[in-house]
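> Please see the structure below; I have some questions.
The values are calculated or read from the model by the stated rules, or taken from the named source; none is laboratory data. These numbers were taken from a predicted model, which means no experiment stands behind them. Neighbour counts run over all protein chains shown; Cβ positions are idealised from the backbone, glycine included.
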Amino acid sequence: MLVGEAPGRQEDLTGRPFVGQAGQILNRFLELAGLTRDKLYITNVVRCRPPGNATPTPTATAQHLPLLRVALEEQHPHTVVTLGATALAALAPDARRLTACHGKAFYRDGRRIYPMFHPAYAMRNPAVWPLLYQDFLHLHRDPPLPAALHYRIGTHGDAAALATSGIIGFDLETTDTLRGGVFYPHEQRILGYSVSAAPNESIYVPEPPASPFAEYLQAESVVKVCHNAKFEAQLLAGMGITLRHFEDTKLMAYLLGHFSTHLKDLSWQLLDVQQLRLDDVRQGRPTSALSPEEWLPYAAADADVTLQIWRILDSDLQGALRQLYYEKELPLVPILAHAERGGVLLDTACLGTLSEQLHAKVDGAEKHLARSL
Ligand code: URA
């Protein structure tokens, strides 16, 4: 069973779901996945076209949900494919963001749910096409069983012992810095850090880095794999520690064109690992109120999956992109970290002139384009 969002114009006119442009795309993907429409039940969360083709409101979704439930009872589908965020929210309100959970089946109320992007979204975002294609191909694949994890609370000495392996996943945990939507980086304090040297093994040290581990952060001989190393570099600089010889999986994922560069999304997509969410751990409390035991499963996983993801991205990153990463992007990290910490002086008069020049160029280009059409 496929569940879309709401009828568009064509669907409203014909009374049939997915017969317009989005439907044509859907047909192509179904064909690629060896499926035909006559084998499927296709419907929408909301059964009438919302004014202005807008996304259905939660109220509209709630009003139409009983109809969807009847269809589910009658059809008894093996799998319910939700197309887009509206359908996913209607059938699994607590599910993760679609960028994190698409293409991976899960079970809800005894039903197998398979979230996918909406074909209309793919139409507007070409980067989503390969994801949608891949998700259709994997429609019948269930994620593997979770691996046994060896996560424990450790000391700076334990962390130093892991560092002697030569390459570690490394991640810092901090106090909250977002209040009322405003970021206060200068108030951020390090609560602890995690280190991993092998898949599914990781330690969480519930203190800011100190000797003998801190020396390894500054050592060229050990590679520190971080996800968004700018964050780690900035915080460590505040402690007088210079992060040397690091890698950055967020930058790599960005260069490789991954649709989402969030660690949680990448671990789901690349490793089939569904990581805990910080919100689930903190349950409304500030991060400083969490005990080391509460931090452990969340924090240790970050270092663990970062190192695992790095191994995959490192083999994918080749040629000119690899050169760009090592020669331009990574060297910029400490510079940006420094600029963000200390602020940067801006020549506003010069920026104003540049902006005017740019606008004039854009206007000229638009006029040129209009004349040549
Ligand atoms: N988009 C939808 O979500 N449903 C349709 O039926 C058509 C377009």
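> Select from the range 166-186 the residues that are closer than 17 Å to E340 by Cα and among the aliphatic types (A, V, I, L, M) and list them in ascending order.
Passing the criteria: L178, V182.
> If you take the residues in the range 49-61 that are farther than 22 Å from T79 by Cβ and assigned to a helix (DSSP H, G or I), which one is farthest from the ligand (Cβ to nearest atom)?
The selected residue is T59.
> Checking E11 against (1) within 13 Å of the ligand (Cβ to nearest atom); (2) in contact with a Phe, Trp or Tyr (Cβ under 9 Å, 6 or more places away or on another chain); (3) outside any helix (DSSP H, G or I): exactly one of these is not met. Which one?
(3)
Quick grid of which residues meet (1) surrounded by 15 or more Cβ atoms within 10 Å (Cβ to Cβ); (2) within 17 Å of C226 (Cα to Cα):
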| position | (1), (2) |
| --- | --- |
| V273 | yes, no |
| S291 | no, no |
| P297 | yes, no |
| A300 | yes, yes |
| V305 | yes, yes |
| G319 | no, no |
| Y325 | yes, yes |
| L332 | no, yes |
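> Can you tell me which residues in the range 197-238 are surrounded by fewer than 19 Cβ atoms within 10 Å (Cβ to Cβ) and modelled with pLDDT under 95?
A237, G238
> State all residues of the range 20-48 that are farther than 20 Å from H138 by Cα, more than 9 Å from the ligand (Cβ to nearest atom) and either in contact with a strand residue (DSSP E or B) (Cβ under 9 Å, 6 or more places away or on another chain) or in a loop (DSSP other than H, G, I, E, B) (or both); if no residue qualifies, say none.
Listed by number, the residues that qualify are R47, C48.
> Could you give every pair whose Cβ atoms fall below 9 Å, whose first residue belongs to the range 162-187 and is at pLDDT below 75, and whose second residue is buried (at least 18 other Cβ atoms within 10 Å of the Cβ), counting only separations of at least 6 or pairs across chains?
From the range 162-187, the pairs are P185/Q234; P185/L235.
> Can you say whether L68 is over 25 Å from the mean Cα position of the chain (by Cα), in a helix (DSSP H, G or I), surrounded by 14 or more Cβ atoms within 10 Å (Cβ to Cβ) and within 16 Å of the ligand (Cβ to nearest atom), as far as the supplied structure shows?
yes
> Can you spot a residue in the range 341-361 that is surrounded by 14 or more Cβ atoms within 10 Å (Cβ to Cβ), at pLDDT below 95 and not small (G, A, S)?
Yes - at least one qualifying residue is present in the range 341-361.
> Taking only the range 72-85 into account, find how many residues are of a type in the set (A, V, I, L, M, F, W, C) and within 14 Å of the ligand (Cβ to nearest atom). Before you say what the answer is, go through the steps one by one.
Filtering the range 72-85 down to residues of a type in the set (A, V, I, L, M, F, W, C) leaves 72, 80-81, 83, 85.
Filter once more, keeping what is within 14 Å of the ligand (Cβ to nearest atom): 81, 83, 85.
Residues flagged as of a type in the set (A, V, I, L, M, F, W, C) and within 14 Å of the ligand (Cβ to nearest atom) within the range 72-85 amount to 3.
> Ok, one more. With respect to A337, is the statement that it is at pLDDT below 95 and hydrophobic (A, V, I, L, M, F, W, C) true?
Numbers: at pLDDT below 95: yes; hydrophobic (A, V, I, L, M, F, W, C): yes.
Spelling it out, A337 is indeed at pLDDT below 95 and hydrophobic (A, V, I, L, M, F, W, C).
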